[in-house]
Amino acid sequence: MFDYVEREMLMLKKYILTFLISMVPLVELRGGVPFGTGMGLPWHLCLLVCMIGNMIPVPFIFLFARKILVWGSDKPVIGRFFSWCLEKGEKGGKKLQEKAGKGMFVALLLFVGIPLPGTGAWTGTLAASILDLDFKKSILAVVLGILLAGIIMTLLSQGVKTGITSVF
């Protein structure tokens, strides 16, 4: 009985860590999925936990991040970092808008969904907020992008895991 409870607590800790990693900017589920599957969590539950963790900050980023970054950009201690975040969001948004034209929904979805450095839900949502895009459409594009990124990262994680175990 004690071993069972201990094992379940360890699994819960793994899920919580995976969830929290997926909420961290720049890492997001791109780090959460490999971490969770590498810790032995079932891929389908790991993907679900990572997607939820990655989605939770999205509406808050859209609604409040730009206001907070603008407010803090001239403050002594945090100003440089806040200005950097604003510039990154503006640059990403403008680049996305130039390439997308009228296909902004698909562009935002792909920007969030293709796991490359500097892309993801945090940056995509910040860019959508800075560009004053429609809230509902932006959130839907980001959520679908998170699903795409999650599927890609799960497939990559499972492929790498299978490849490593077949070599050894």
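The values are calculated or read from the model by the stated rules, or taken from the named source; none is laboratory data. Being a predicted model, the structure only gives us computed values, none of them experimental. In this analysis, Cβ positions are derived from the backbone assuming ideal geometry, glycine residues included, and neighbour counts consider all displayed protein chains. Heavy atoms of the whole protein, side chains included, go into the accessibility calculation; ligands, DNA and RNA do not. Shrake-Rupley method; radii C 1.70, N 1.55, O 1.52, S 1.80 Å.
General observations
- Cα point-scatterer Debye curve for the chain, base-10 log of I(q)/I(0) at q = 0.10, 0.18 Å⁻¹: -0.43, -1.04
- Within straight-line reach of LYS99, meaning a Cα separation under 15 Å, sit the following aspartates and glutamates at least 8 residues removed in sequence or on another chain: GLU90.
- Annotation: PHE60 carries an accessible surface of approximately 120 Å², with a 1.4 Å probe and no ligand, DNA or RNA atoms counted.
- FRET E, pair LEU148, LYS94, Förster distance 25 Å, beta-carbon r, rounded to 0.05: 0.65
- Coupling constants for the range 5-20 follow from the phi torsions by the Karplus curve (6.51 cos²θ - 1.76 cosθ + 1.60, θ = phi - 60°), and in residue order they are 5, 4, 4, 5, 5, 5, 4, 4, 4, 5, 5, 5, 4, 4, 4, 5 Hz; glycine and proline get x.
- Of the whole protein surface, GLU6 contributes about 100 Å² of accessible area at a 1.4 Å probe radius.
- Nitroxide proxy distance, nm - points 7 Å out along Cα→Cβ at PHE81 and VAL5: 4.0
- Largest GNM mean-square fluctuation across PRO42, PRO59, PRO76, computed for the chain with C-alpha springs under 10 Å, falls on PRO76.
- Label point 7 Å beyond Cα of VAL27 along Cβ direction - residues of the range 43-82 with amide nitrogen under 11 Å: none
- For the range 97-162, convex hull volume per residue from C-alpha positions, Å³: 76
- Our compactness index for the range 26-69, the C-alpha radius of gyration over the empirical 2.2 N^0.38 Å, is 1.39.
- The range 59-136, Rg to Rh (Cα coordinates; Rh as Kirkwood inverse mean 1/r): 0.99
- Over the chain: helical MRE at 222 nm, DSSP H runs n ≥ 4 each giving -39500 (n - 2.57), nearest 500: -25500 deg cm²/dmol
- Expressed as a whole percent, the accessible area of the range 42-168 that falls on carbon and sulfur atoms is 72 (1.4 Å probe).
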